[in-house]
Each structure stands twice: as structure tokens, then as C-alpha cells.
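Throughout, read-outs are computed from the coordinates displayed, never taken from laboratory work. Treat the numbers as computed from the prediction; the structure is a model and nothing was measured. Cβ coordinates were reconstructed from backbone atoms using ideal geometry, including for glycine residues, and neighbour counts include every protein chain displayed.
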Amino acid sequence: MSARLIDGKAAAARLLQEVAQDVAEVRARGIQPALAVILVGSDPASQVYVRNKLRRAAEVGIRSLSHELPADLEQIELLALIAALNANPEVHGILVQLPLPPQIDEAAVLQALRPDKDVDGFHRENVGALALGQPGLVPCTPAGCLRLLQDQLGDLSGRHAVVVGRSNIVGKPMAALLLQAHCTVTLVHSRSRDAAALCRQADILVAAAGQPGLVTVDWVKPGAVVIDVGINRVEHAAGARLVGDVAPEVAAVAGALTPVPGGVGPMTIALLLHNTLSAAQRQHPHAVAT
Ligand code: GUN
């Protein structure tokens, strides 16, 4: 085993401390940053994620409003709630936990969010801003991965980054962020020819395919920095266990590797609260120290 383990918990704790300080400053100027979290249905994994987000929000002084709604909710009711939150000046960020039940059109819901309250960065205005390199809210998981990479490597300029997976939540925005950081970027997906050979070229390898153990030793160049975004629940005789998209043996060849859990997950939550603070600051410019 040669890879350094990248401590996402510690990195997240440092960022949360900065967020807490800035939240205190904004509060001292009369603004209470607030995040509304909407959960539709009772998917157990989503319930855990939402609970963790609410707990961390409280720890940094961000008020949270939790809306837990039944799985058979009609889309029009969800849109009405979003309209009310959009119009509420005391709410600065709105997060709709995904996935949504099948009767609800996810795209329609995400486009209904006010872009400056869209702390997930999923609205097309924020997606477009990211593609253009303009200011906007950036998706939390890839933004967290970028920070972990910069902690490890400093300037990423000129490095070959390979992202496995092309989801709107992780793969696509991750590729955009790495490009903005001046990497050479390859996006590998299920139709790619010889994914292993493409990944072996990577100085930076981000695995976000949602397939347990997909990235094996022969996919990894010795010394590469490997970020494992996978959170896959695998059933064992002894119960369920969380495993990443990267096989454990990769630790023998990678230069650095994020563990699952304790790598990317804590950073995602920290970036969500960072985005909520920055949404509040943008909505109340007078509450920002100069
Ligand atoms: N479900 C899985 N990941 C995410 C995320 O980053 N944001 C939201 N809202 N839902 C998710």
C-alpha cells in the first residue's frame, strides 16, 4: 500500500470553520443565512444525506427549513412550494434532494428554482455560467473534489485529468471545473472504447460512475491522484456496507486516494453550506465585510 489517504473529513472541517466565521459576520450585520431542504418520499439514503446536511448547517450557524413531503406528491404542489421559497426573502438557498419520484419531472423542478438560490448549481443559468467561466453557483460534489485535488497538487495546470461518468451532478461539472483549472480533460463513459487505457493516462482520475469497484489497478497510472466519488451500498452477510467506484487494490499504485466513506462525502456538505453562505452574501451585498 503506497497511496496517501486524502482526509476529506479534515478538509471539510477546515472549510466549515471558515464558513462558520463568515456566517457569524453576516449575522452580525443582521442577515441570518437560511437553507431550505426539500425531500420528497422516504428513500433511506436520501434521508441520511438530508439529515447530515441539516446537522452541519446548524453547526455553522445556518438556519435550515426542512420540508419532508410524501412520495405521491403532485408536481404542481412541489412547484408551488418552490415558488413560495423563491419569493421568501428569509430563504437564501433551496436544495431539492434527488432523485425525485417518477411522477415528477426533475428538469422542470430544477428550472423552477431561482438561480441565485440554486445552491446545488443545477439550474441551466448556473450550468451555463460554469461552462462560460462566469460567476454562479457551482455543484457541490465536483467543487469539493476540486478543492481536495488542489490541496494535494497545488496548481493543476497542464495535468491530464480523466473523469469517469458523465452525470449532470458530478461528471459534466467536474470536467468543466478541471478545464477551468487548466487541466487537459478526458471524459470517459459507458460508451467509451478502452476505458482502462484512457484512465491509465490520467495524472488525476475522478471516478463518478456509480459502479462499485469499476476502477481496478490496471486502470491507474502509478502515482496518480484518485478521487472516488462513488457511494454504493453493497449487501454483505454482515449487513450493508458503503463502497466506492474504486477497487481497494488501487491503493497499491495510486499516489493519493480518497477513502469511502470519509473522502468526498464530507466535502460535498461543506460546499453546500459554503454555497448557501455565498448565496446569502450575494442577495445582501451590504452584509459582506469590505
Ligand atoms: N442526490 C445525490 N447527490 C445530490 C446532490 O448533490 N444534490 C441533490 N440535491 N441531490 C443529490
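Out of everything in region 238-289 that is β-branched (Val, Ile, Thr) and touching a residue at least 40 places away in the same chain (Cβ under 8 Å), what residue ends up being farthest from residue 228 (Cα to Cα)? Going through the qualifying residues, I end up with 288.
When each of 110, 95 is tested for being within 11 Å of the ligand (Cβ to nearest atom), buried (at least 20 other Cβ atoms within 10 Å of the Cβ) and free of Cβ contacts under 8 Å to residues at least 24 places away in the same chain, the lone residue that passes is 110.
Restricting the search to strands (runs of 3 or more DSSP E) fully inside region 205-290 and requiring at least 3 residues that are more than 16 Å from the ligand (Cβ to nearest atom) and farther than 14 Å from residue 144 by Cβ gives 232-236, 239-243. Here 137, 132 are screened, and the one residue that is surrounded by fewer than 24 Cβ atoms within 10 Å (Cβ to Cβ) and either within 16 Å of the ligand (Cβ to nearest atom) or hydrophobic (A, V, I, L, M, F, W, C) (or both) is 132.
Of 288, 264, 229, 246, all but one fail to be hydrophobic (A, V, I, L, M, F, W, C) and surrounded by fewer than 24 Cβ atoms within 10 Å (Cβ to Cβ); the exception is 288. Taking the condition in a strand (DSSP E or B) and in contact with a helix residue (DSSP H, G or I) (Cβ under 9 Å, 6 or more places away or on another chain), does residue 2 pass? Taking the combined requirement at face value, the residue does not satisfy it.
Here 149, 177 are screened, and the one residue that is assigned to a helix (DSSP H, G or I), within 15 Å of the ligand (Cβ to nearest atom), within 22 Å of residue 255 (Cβ to Cβ) and under 17 Å from the mean Cα position of the chain (by Cα) is 177.
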